[in-house]
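In what follows, a single structure is set out as structure tokens and then discussed.
The values are calculated or read from the model by the stated rules, or taken from the named source; none is laboratory data. In this text the structure is predicted, and so the values were computed from the model without any measurement. Methodologically, a virtual Cβ is constructed for each residue, glycine included, from the backbone with ideal geometry; neighbour enumeration extends over all protein chains shown. Just so you know, the surface numbers come from the protein's heavy atoms only, side chains and all, with ligands and any DNA or RNA stripped out. Shrake-Rupley method; radii C 1.70, N 1.55, O 1.52, S 1.80 Å.
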Amino acid sequence: MAKRSNEPLLWVLFSAGGVVAALLIPVNLFLFFLAFPLGWIDAPTYETLLSLIQHPLGKLYLLVLCTLPLFHWAHRFRYTLYDGLQIKHLDELVNTFCYGGAIVGTAVAAYLIWRIP
Amino acid sequence: MATYTEYPPRGYRVRMSTYWWLGKWPYLKFILRELSSIFVAWFVVETLMLIKALSDGLLAYAEFQQFLQNPIVVALNVISLCFIVFHTITWFNLAPKAMAVRMGGKRVPDVLIAGPNYVAWVVVSAAVAWLVLRG
């Protein structure tokens, strides 16, 4: 029997991550990494933000926000390297770097969310 | 004597330039859209740094805010926002091409499929902003 391809699963993760990235990253990036540090909008206090990420739903939100977009990155970046640089012959190296990176990133995210006080 | 015929035969192949995507705007747009994934990854890294800073205490959080005020980081974040909004728009506009819905024998216009995505974007962004800012 032919070996089953992982491609459909990877594609589902890619598109789920694409939706999460499209809907959630712009507002989060704008607020947390531009508007708050640069004082464009009055930032919530440290305690408010900490209590937001301590809430179980806040943790779930962070987990989704970090992991699915990583798999989106892995899939798209893999094809960027293939098409942009024409290095399809290096596919083992590229796959290890992209999906390996996404898996390591997921583990780091899970650990950091787990250790929130 | 048996002769081995290679199949498919080796033919003449035009070698594509590595910079094939620089010539035409649609090609360049495609590569720019694909490159948006790098900024998605950067956003995740930054978010993980934020989670760590918040967990480590007030001092770590203040240091992270200083890092975010560094002009290089600000420039990187502005560029990231542009690329990610570009991703959002191209992603939503792809939806009608990925699902060609037919109703009453006619194809539903692209606007009716892409439109709700934009509405969802506004609603979700407003909800996140409200949750964070309500104090």
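Taking Lys and Arg as +1 and Asp and Glu as -1, the other residues whose beta-carbon sits under 15 Å from that of residue B:69 total -2. The residues neighbouring residue B:21, those whose beta-carbon lies less than 12 Å from its own, together hold a net charge of +1 under the Lys/Arg +1, Asp/Glu -1 convention.
Each of residue B:16 and residue A:60 was given a label point 7 Å from its Cα along the Cα-to-Cβ line. The distance between the two points is 4.3 nm.
So what's the gap between the Cα centers of the stretch A:1-71 and the stretch A:73-117, to the nearest angstrom? Rounded to whole Å, the Cα centres lie 16 Å apart. Take each residue in B:45-58, count the other chain C-beta atoms within 10 Å of its C-beta, and the mean is 6.
Accessible area of the stretch A:1-64 with a 1.4 Å probe: how many percent of it is carbon plus sulfur? Don't skip to the answer; put the middle values down first.
On the way: 2490 of 3540 Å².
With neighbouring chains kept in place, the figure for the stretch A:1-64 is 71 percent.
Interface of B with A. Using a 1.4 Å probe and counting protein heavy atoms only, the two chains hide about 4700 Å² of accessible surface, both sides summed.
FRET efficiency for the residue B:70 to residue A:107 pair, using the beta carbon distance and R₀ = 22 Å, is estimated at 0.20.
All other residues whose Cβ lies under 15 angstrom from that of residue B:87 are scored, Lys and Arg at +1 and Asp and Glu at -1, for a net of +2. Per the Cα gyration tensor, the stretch B:20-133 maps to an equivalent ellipsoid with semi-axes of 35, 21, 10 Å, ordered largest to smallest.
Please report the carbon-and-sulfur percent of the accessible area for the stretch A:65-117; probe 1.4 Å, protein heavy atoms only, DNA, RNA and ligands left out. The computed percentage sits at 73.
For chain B, what is the accessible area per residue in Å² when the probe is 1.4 Å? On a per-residue basis, chain B sits at 67 Å².
Taking 11 Å as the cut-off, the amide N atoms of the stretch A:1-45 that come nearer than this to a point 7 Å along the Cα-to-beta-carbon line of residue B:95 belong to A:19, A:23. Think of each Lys and Arg Cβ as +1 and each Asp and Glu Cβ as -1; about the Cα centre, that makes the dipole of the stretch B:8-135 roughly 980 debye. Can you spot the lysines whose alpha carbon is less than 26 Å from residue B:24's alpha carbon? Ignore those fewer than 8 places along the same chain. Excluding near neighbours in sequence, the set is A:88, B:97.
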